[in-house]
Amino acid sequence: MLGVTVAKVRTMIRDHELAAAVPSPGAGQQVPADFIQDGFPLKGLPGLLTVLHDGGYDDRECIAWLYLDQELPGRPIDALLENRGAEVKRRAQAMAF
């Protein structure tokens, strides 16, 4: 979906441009498809992941929060997909303190 090598994707994960987790034992590390839009990381995702990682979250916890948190009107991933990333980032910053 990104049109880059696996090594580049691993670098993007390490640099918090993307997040990945192992969904089940024996499966390889996977990036949620929602994290990629038009061949690029979802707008606002890299900054959000940096905030969450600075707050002590690992990739698995970041992914879980994006898909399961209901504090916002809807899930944080839905807000990012609808280009409402500012409110998601504010919420993540508040959680870090």
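Here are some notes:
- Criterion applied to 77, 63 was being among the hydrophobic types (A, V, I, L, M, F, W, C), in contact with an Asp or Glu (Cβ under 7 Å, 6 or more places away or on another chain), part of a helix (DSSP H, G or I) and without any contact (Cβ under 8 Å) to a residue 60 or more places away in the chain, and the one residue passing it is 77.
- For the residues 42, 49, the requirement of being under 10 Å from the mean Cα position of the chain (by Cα) and within 14 Å of residue 95 (Cα to Cα) singles out 49.
- For the range 16-44, the set of residues classified as touching a residue at least 40 places away in the same chain (Cβ under 8 Å) and assigned to a helix (DSSP H, G or I) consists of 34 only.
- Subset of the range 32-58 (residues that are within 17 Å of residue 75 (Cα to Cα) and either exposed (fewer than 15 other Cβ atoms within 10 Å of the Cβ) or touching a strand residue (DSSP E or B) at 6+ places or on another chain (Cβ under 8 Å) (or both)): 33, 35, 42, 43
- Each residue in the range 1-15 was checked for being more than 22 Å from residue 95 (Cα to Cα) and either in contact with a Phe, Trp or Tyr (Cβ under 7 Å, 6 or more places away or on another chain) or part of a loop (DSSP other than H, G, I, E, B) (or both), and 5 pass.
- Failed item in (1) more than 10 Å from the chain's Cα centre (by Cα); (2) more than 18 Å from residue 95 (Cβ to Cβ), with residue 54 passing the rest: (2)
- Applying the condition of being of a type outside the set (A, V, I, L, M, F, W, C) and modelled with pLDDT of 90 or more to the range 70-84 and asking which residue is farthest from residue 41 (Cα to Cα) yields 75.
The values are calculated or read from the model by the stated rules, or taken from the named source; none is laboratory data. This one's a predicted model, so the numbers in the text were calculated from it and none came from an experiment. Using ideal geometry, Cβ is built from the backbone for each residue, glycine included, and neighbour counts are taken over all protein chains shown.
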